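The values are calculated or read from the model by the stated rules, or taken from the named source; none is laboratory data. Keep in mind the model is a prediction, meaning the values are calculated, not measured. Ideal geometry is used to build each Cβ from the backbone, glycine not excepted, and the neighbour counts take in all protein chains shown. To get the accessible areas, we keep the full protein, side chains included, count just its heavy atoms, and leave off ligands, DNA and RNA. Shrake-Rupley method; radii C 1.70, N 1.55, O 1.52, S 1.80 Å.
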Amino acid sequence: MMKVFGHRGYSGMYPENTMLSFQKAAETGCYGIELDVQLTKDGRLVVIHDETIDRTTDGTGAVVDYTFEELRRFDASAIKGGKHGFQPIPSFEEYCEWVKDQDLVTNIEIKSGVYYYEDIEEKTVEMVRRFGLTDRVLFSSFNHASLFRLQQLAPEIPRGALVEYVDLGNAGYYCQRYGFQNYHPGVEWLTEENVKNCKAHGVGVNVWTVNDMGVLETLYEWGCDGVFTNYPGVCKAWLDGQEA
């Protein structure tokens with residue numbers, strides 16, 4: 001069965017990367033949740049996608065310029081017009097405390113491609129281990145240097161190489177050569193040839209961001225292993241129908 005990850009939770013319907021979005025994704029029975037981690041000014045891990053808070057909250061400025069307590073004052077439901085009530089930016093610790101009791105796998109994207117946060121890999125691994133989640137997470141990053149560091153810190157946790165804008169030719173060979181168990185391409189540029197290349201090298205293919213049912217059907221036919229979607233309930237319902 002193709003795995004369905006709620007992309008930043010159930011972000012098509014609820015404010016992305018909030019505990020509400022994660023809880024709503026879990027209610028769909030999806031396989032997992034994808035989220036993004038960054039560091040605050042005082043070194044706390046927080047769950048937010050952009051390096052700035054402008055798009056998703058009612059505040060402005062860079063994540064790294066605020067302490068955790070300062071960030072918590074901003075409303076992360078602003079991206080949905082505030083209709084879901086005040087939703088703070090979660091700490092990664094808060095998420096781990098919740099997900100340890102859920103039947104979910106978490107894809108943790110290390111956001112180190114625009115601003116390279118000091119010791120973000122070490123802090124993320126420590127948190128994952130503290131909550132006993134090592135067998136229920138995978139790491140991904142557009143900054144493959146972060147993946148190499150994670151391989152040193154936690155070789156037992158699988159890693160996915162995120163690529164942006166264009167598909168990476170011979171991706172299966174690349175991932176196998178550098179110890180990445182998964183390839184995470186953008187849906188717009190993925191080719192069936194590259195899926196076959198990954199399969200030939202024993203590399204899993206998890207595709208972002210899949211919100212079109214026709215595209216989902218194509219990826220299913222190609223044998224992709226997983227999809228990241230803003231609508232996990234819809235995708236899971238379709239896939240359940242194919243497996244019935």
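Assessment of the stretch 189-204 against the conditions (open to solvent by 30 Å² or more (accessible area, probe 1.4 Å), in contact with a strand residue (DSSP E or B) (Cβ under 9 Å, 6 or more places away or on another chain), within 28 Å of LYS100 (Cα to Cα) and touching a residue at least 12 places away in the same chain (Cβ under 8 Å)) yields no matching residue.
VAL166 satisfies every condition listed in (1) modelled with pLDDT of 95 or more; (2) of a type outside the set (D, E, K, R); (3) open to solvent by 60 Å² or more (accessible area, probe 1.4 Å); (4) in contact with a Phe, Trp or Tyr (Cβ under 7 Å, 6 or more places away or on another chain) except (1). Among the residues of the stretch 22-38, those identified as open to solvent by less than 30 Å² (accessible area, probe 1.4 Å) and either under 16 Å from SER140 (Cα atoms) or free of Cβ contacts under 8 Å to residues at least 40 places away in the same chain (or both) are GLY32, ILE33, GLU34, LEU35, ASP36, VAL37, GLN38. Filtered by the rule that a residue be among the small types (Gly, Ala, Ser) and within 14 Å of the chain's Cα centre (by Cα), the stretch 155-193 gives GLY160, ALA161, GLY186.
Just one of ALA154, ALA171, ALA161 is open to solvent by less than 10 Å² (accessible area, probe 1.4 Å) and either of a type in the set (Ser, Thr, Tyr) or more than 23 Å from GLN38 (Cβ to Cβ) (or both); which is it? Talk me through it step by step, then tell me what you get.
Numbers: ALA154 fails: either of a type in the set (Ser, Thr, Tyr) or more than 23 Å from GLN38 (Cβ to Cβ) (or both); ALA161 fails: either of a type in the set (Ser, Thr, Tyr) or more than 23 Å from GLN38 (Cβ to Cβ) (or both).
Unique residue meeting the criteria: ALA171.
Of all the numbered requirements in (1) open to solvent by less than 70 Å² (accessible area, probe 1.4 Å); (2) within 18 Å of ALA25 (Cβ to Cβ), TYR231 misses one, and that requirement is (1). If a residue must be more than 22 Å from PHE131 (Cβ to Cβ), among the charged types (D, E, K, R) and part of a helix (DSSP H, G or I), how many such residues does the stretch 70-107 contain? Matching residues across the stretch 70-107 total 2. With the structure loaded, tell me whether LEU104 is within 20 Å of THR229 (Cβ to Cβ) and among the hydrophobic types (A, V, I, L, M, F, W, C) or whether it fails that test. Criteria met by LEU104. Looking only at residues in the stretch 79-102 that are in contact (Cβ under 8 Å) with a residue 60 or more places away in the chain and more than 19 Å from ASP42 (Cα to Cα), the one that is least open to solvent (accessible area, probe 1.4 Å) is VAL99. Is one or more of the residues making up the stretch 234-242 modelled with pLDDT under 95, in contact with a Ser or Thr (Cβ under 8 Å, 6 or more places away or on another chain) and of a type outside the set (Val, Ile, Thr)? The answer is no, given that none of the residues of the stretch 234-242 is modelled with pLDDT under 95, in contact with a Ser or Thr (Cβ under 8 Å, 6 or more places away or on another chain) and of a type outside the set (Val, Ile, Thr).
Only one of the numbered conditions (1) over 19 Å from GLY186 (Cα atoms); (2) touching a residue at least 40 places away in the same chain (Cβ under 8 Å); (3) touching a Gly at 6+ places or on another chain (Cβ under 9 Å) is violated by TYR14, and that is (3). Annotation: PHE74 fulfils all but one of (1) closer than 25 Å to LEU147 by Cβ; (2) over 21 Å from the mean Cα position of the chain (by Cα); the unmet one is (1). Of the residues making up the stretch 85-115, those that are out of contact with any Leu (no Cβ under 9 Å at 6 or more places or on another chain), farther than 21 Å from GLU70 by Cα and not hydrophobic (A, V, I, L, M, F, W, C) number 5.
Residues in the stretch 1-21 that are basic (Lys, Arg) and open to solvent by less than 10 Å² (accessible area, probe 1.4 Å): there are none.
Do we have any residue at all in the stretch 117-130 that's open to solvent by 30 Å² or more (accessible area, probe 1.4 Å) and closer than 25 Å to LYS3 by Cα? Yes; the residues of the stretch 117-130 include at least one that is open to solvent by 30 Å² or more (accessible area, probe 1.4 Å) and closer than 25 Å to LYS3 by Cα.
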